[in-house]
Amino acid sequence: MNYRVLFFGLLLLQSVLNAQTSGSYPADIIRVTNGAHIIVNGDYLTKNNARFRTGNIGFLKVKGNWINNSTTAYFHDNATKVDLSAALVEIRGNTPTNFPSLTLSGNGKIALFTNMVVGGTRGNGPMGQLRINQGIIDLQGRNLIINNPQSNAITTNTGGGIKSESNSSLGYGQIQWNIRKRQRWTRV
């Protein structure tokens, strides 16, 4: 048990103090104390069998790109609020990510290079929002799935929004908004 506290302390210290270093988390489960805030000043890269768990609400702010190369959707059984705050963000990786709740607080392009799910993480039912500040999500032929029946599941500020394609040769992207209350939500 103590090694997890030490690991978390080192992770937090590395993430907050190292302004030019990206976070790379190869395996195991990152467990976060309720209400904890983690800030990564660069890209966030997951590998192997990595997973992120909180007992309740946690906050993860990434000031770079999101790269999920783990073998899982990464967030499991939690209500973590994720904020991707870089001016230009790429969401990519070998595996799609199921974000419990996602804020895109930057004001530039958000490019999807893999499918993405927001809300409805296992065990938490209809919850989670996609909040778009002034950025534009470019689907680039990928799928964006929202698992939340509430009318405020997707919010934008002036100038923010979702763009289907700039190049239709990639195929057309789709937005799937699951508005029925269900026990099991769509996962990619």
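The values are calculated or read from the model by the stated rules, or taken from the named source; none is laboratory data. Predicted model, so just to flag it, every value in this text is computed and none were measured. A quick note on method: Cβ atoms are made from the backbone with ideal geometry, for glycine too, and the neighbour counts reach across all protein chains shown.
Out of curiosity, is Ile30 assigned to a strand (DSSP E or B), at pLDDT below 85 and under 16 Å from the mean Cα position of the chain (by Cα)?
The answer is yes for Ile30.
Within the stretch 66-121, which residues are among the polar types (S, T, N, Q) and under 10 Å from the mean Cα position of the chain (by Cα)?
Hits for the stretch 66-121 are Asn68, Thr80, Thr97, Asn98, Ser101, Thr103.
Can you tell me how many residues in the stretch 67-82 are surrounded by fewer than 19 Cβ atoms within 10 Å (Cβ to Cβ) and either β-branched (Val, Ile, Thr) or part of a strand (DSSP E or B) (or both)?
Going through the stretch 67-82 one residue at a time, the tally reaches 3.
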